[in-house]
Amino acid sequence: MTDWSILRLRVAFYVPACKASRSVMILLDYHNVIIKDCLESRLKGEKLDALDMTIVDFDGVIYHLATPDSKTVLHISLRWKCFNELVAYGAQEVLKREYSEYLASPENGFDTTLVIDLEKVPADEETRTELIQKISLLKRNLLAAPFERAFAEQEQFEDESKPNPKSELMAVHYREEEAIYVKSNSDRVTVFFTTKFKDETDKVFGKVFLQEFVDARRRPALQNAPQVLYATREPPMELRDLNLQPDEDMSYVTFVLFPRHFNREVREETISRVQIFRDYLHYHIKCSKAYMHTRMRARVSDFLRVLNRAKPEIAPAEKRTASGRTFRRN
């Protein structure tokens with residue numbers, strides 16, 4: 001089991017999500033499930049009808065799937081508010097490397113478009129599976145650009161035959177009022193998340209989750225896991241030059257990645273897991289709230305049953321007639 005998996009399991013056992021039992025928390029998929037299902041069904045020939053579909057993904061990403069020219073030629077377009085920032089950090093090179101033969105002129109109103117002729121896709125199952133996975137990871141691969149650049153800069157720091165690179169703080173404003181910052185150093189790569197809790201209950205749950213990430217590394221089994229730092233209101237020292245205003249609703253989560261966390265064997269998995277952290281956190285906050293509400297409703301139902309059983313029996317009242325005789329009405 002990897003250090004990342006152990007850290008995730010440690011947090012999973014701290015606050016149960018949707019089940020009463022202490023089961024492992026769900027790790028969200030890195031790919032877009034709808035795009036994957038659509039490609040699978042069309043490559044298998046199950047659905048070849050005309051298509052015009054808009055999909056909203058995490059972090060404000062919008063996809064447009066359409067077959068404007070032919071039912072066997074699928075256009076997949078993506079729009080993301082931080083696309084230009086990602087291009088500045090090498091996203092265009094990542095697109096050319098991963099999707100060179102499928103890149104086309106961007107659809108109007110979108111940032112990038114892939115065109116896939118389903119009739120020209122090789123018939124062997126392995127190639128098709130690889131293509132489906134690659135296309136469904138379009139958002140993930142775009143956001144990988146600053147991470148890949150930071151890892152390459154850190155390797156250059158360690159290479160004595162090359163001059164040290166000019167490391168910059170790469171900012172990706174991928175959500176409203178929230179951002180990811182990535183910076184390479186001589187011995188590490190640091191990733192900063194800003195996340196805003198607008199609901200008071202979310203703040204409480206968020207603090208529990210994030211503090212557990214910080215405390216989990218104190219366990220002997222997690223000494224090699226990435227270091228996690230958590231702060232509220234005031235940004236970390238590395239971000240002070242950005243003139244970020246103190247905000248009671250803002251939290252800052254810092255991941256400190258050392259070379260062992262992004263060597264060639266685990267690099268892709270590390271990029272994927274760090275990227276999904278914000279969505280993972282908020283998803284399980286919502287699950288925990290739903291779980292707590294379910295338990296509270298069950299407890300209220302139990303209390304009501306107890307109260308109903310505790311109602312005293314009313315004894316029949318004794319009545320008296322005008323002549324002085326008494327009787328009881330049943």
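The values are calculated or read from the model by the stated rules, or taken from the named source; none is laboratory data. Remember, it's a predicted structure, so these values are computed and weren't measured experimentally. Protein only, heavy atoms only, side chains kept; ligands, DNA and RNA dropped before computing areas. Shrake-Rupley method; radii C 1.70, N 1.55, O 1.52, S 1.80 Å.
Observations
- Most to least accessible of Met292, Met237, Met170, Met250 (protein chains only, probe 1.4 Å): Met237, Met292, Met250, Met170
- Averaged over its residues, the chain has an accessible area of 56 Å² per residue, based on protein heavy atoms and a 1.4 Å probe.
- Rg and Dmax over the alpha-carbon atoms of the stretch 70-127 stand at 13.1, 37 Å.
- Overall form of the stretch 103-160 per C-alpha gyration tensor (a/c, 1.5; a/b vs b/c): oblate
- Structure note, pairs Lys36/Lys198; Lys47/Lys81; Lys286/Lys311; Lys36/Lys120: Cα-Cα distances above 26 angstrom occur for Lys36/Lys198; Lys47/Lys81; Lys286/Lys311.
- Rolling a 1.4 Å probe across all protein chains gives Cys38 an accessible area of roughly 20 Å².
- Using a cutoff of 8 angstrom between alpha carbon atoms and counting only pairs six or more residues apart, the relative contact order for the stretch 61-169 works out to 25 percent.
- Euclidean distance of C-alpha centroids, the stretch 68-117 and the stretch 291-314, integer Å: 57
- For the Cα trace of the stretch 188-330, dividing Rg by the Kirkwood Rh returns an Rg/Rh value of 1.46.
- Cα-based convex hull volume of the chain per residue, rounded to whole Å³: 267
- Reduced Cα scattering model of the stretch 134-249, Debye log10 I(q)/I(0), q = 0.09, 0.15, 0.19 Å⁻¹: -0.32, -0.88, -1.23
- Surface composition of the stretch 185-330: carbon and sulfur atoms hold 52% of the protein heavy-atom accessible area at a 1.4 Å probe.
- Aspartates and glutamates whose Cα lies under 12 Å from that of Lys166, excluding same-chain neighbours fewer than 8 positions away: Glu153
- Gyration tensor verdict on the stretch 19-155 (Cα atoms; rounded if a/c is under 1.5, prolate if a/b is larger than b/c, oblate otherwise): oblate
- Among the protein heavy atoms of the stretch 51-118, carbon and sulfur supply 49% of the accessible surface, probe 1.4 Å, non-protein parts ignored.
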